[in-house]
């Protein structure tokens, strides 16, 4: 199959891509990237949100990934940056800010994917793009649907004192957000000892396993069983007051231990 992977240019998406690529080894793959998730916030960005954005994007893309690429390590046995995926795996990685018109839609039409996989992708698919892949568009949402639609669902689950956080694999069938038929869900325990950044990362190993299993079933000619969502709440970015309450409760946005654990995966063992 031809599979287009649509992701955001951040380290969490990169981890997800590294976890997913072994399951896509027999397929023709291309990657399209957005540069941010959601619209810019009016009135300035609360400091904790800036801290999370620095952990997810600024530190890896502007500092760590360039250093990793300059180090010239062997490719086997470690995670690869986006540039290394393109260079070492021969998978084309391109900006794809708008999949619905202009150059973005032309890219999708030219590649003609059988399936589109979306993980943390920052654009909303509309009908022009949705009609291209005959096997549809599958999105991995980092929240349990329908209760937690929108951005930073893990933040919302922690603020609601949920004992479990999770992710949902679902189809995108129209231009709405996180509403399509659900294929499956995975959960992990919420952990008060860990930061928000670390807990978001913890969702992707089980979430990508869901997605990889779905790809295998579609490749075998099977139809994915789904159930229709009903109800739920859409959440936009937390306000400054909500971030303040998050910190007051003792949660952390990121932690140095997160980075030691994460970036160890980008280094050749030993």
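Looking at the square roots a ≥ b ≥ c of the eigenvalues of the Cα gyration tensor of the range 106-173, which shape do they give, rounded for a/c under 1.5, prolate if a/b is larger than b/c, or oblate? Spell out each step's value before the answer.
Details: a/c = 3.40, a/b = 2.83, b/c = 1.20.
Taking the square roots of the gyration eigenvalues as a ≥ b ≥ c, the range 106-173 is prolate.
Pairs of Cα atoms under 8 Å, at least six residues apart: use those to get the relative contact order of the chain, whole percent. Don't jump to the answer; show the numbers that get you there.
Details: 459 pairs, mean separation 59.2, N = 270.
Taking the mean separation of contacting Cα pairs over the length of the chain, I get 22 percent.
Where a ≥ b ≥ c are the square roots of the eigenvalues of the C-alpha gyration tensor, would you call the range 178-270 rounded, which needs a/c under 1.5, or, failing that, prolate if a/b is larger than b/c, or oblate? Let's see the in-between values first.
Details: a/c = 3.24, a/b = 1.29, b/c = 2.52.
Cα axes put the range 178-270 in the oblate bin.
Rank-order 82-91, 192-201 by packing density, defined as the average count of other C-beta atoms within 10 Å over each peptide's residues, highest first. Don't skip to the answer; put the middle values down first.
Working: 82-91: 16.1, 192-201: 18.6.
Highest mean packing first, the order is 192-201, 82-91.
Using the number of other C-beta atoms within 10 angstrom as an exposure proxy, rank 127, 13, 230, 94 with the fewest first.
Ascending Cβ contact count within 10 Å gives the list 230, 127, 94, 13.
Rank the residues 1, 211 as a footprinting-exposure proxy: fewest other Cβ atoms within 10 Å of their Cβ go first. List each step's numbers first, then the result.
Details: 1 16, 211 26.
Ordered from fewest to most neighbouring Cβ atoms within 10 Å, 1, 211 come out as 1, 211.
Could you work out [θ]222 nm for the chain from helices alone, using -39500 (n - 2.57) per DSSP H run of at least four and dividing by all its residues? Round to the nearest 500 deg cm²/dmol. Numbers along the way, then the final one.
Working: 11 runs with 93 residues, N = 270.
Value at 222 nm, helices only, nearest 500: -9500 deg cm²/dmol.
Relative contact order for the range 134-258: what percent, with Cα pairs under 8 Å and sequence separation of 6 or more? Provide the component values of the computation, followed by the final result.
Numbers: 202 pairs, mean separation 38.0, N = 125.
Relative CO of the range 134-258 lands at 30 percent.
Quick one: order 223, 30 by neighbouring beta-carbon count within 10 Å, fewest to most.
Details: 223 8, 30 19.
In increasing order of surrounding Cβ atoms, one gets 223, 30.
Hey, what did the range 26-144 get for relative contact order, percent, Cα under 8 Å, at least 6 apart? Please list the in-between numbers first.
Working: 103 pairs, mean separation 36.2, N = 119.
Relative contact order comes out at 30 percent.
So how many Å³ per residue does the convex hull of the Cα atoms of the range 36-111 work out to? Walk me through the numbers before you get to the answer.
On the way: hull volume 9.3 nm³, N = 76.
It comes to 123 Å³ per residue, whole-number rounded.
Quick one: if you take sqrt(5λ) for each eigenvalue of the C-alpha gyration tensor of the chain, what semi-axes come out, biggest first, whole angstrom? Kindly include the intermediate steps, with their values, before the conclusion.
On the way: eigenvalues 145, 114, 64 Å².
Semi-axis lengths for the chain are 27, 24, 18 Å.
Every number here is computed from the coordinates shown, using simple stated rules; none is lab data. Nothing here was measured: the structure is a model prediction, and the numbers come from that model. Don't worry about glycine lacking a Cβ; one is built from the backbone with ideal geometry, like all the others, and counts go over all protein chains shown.
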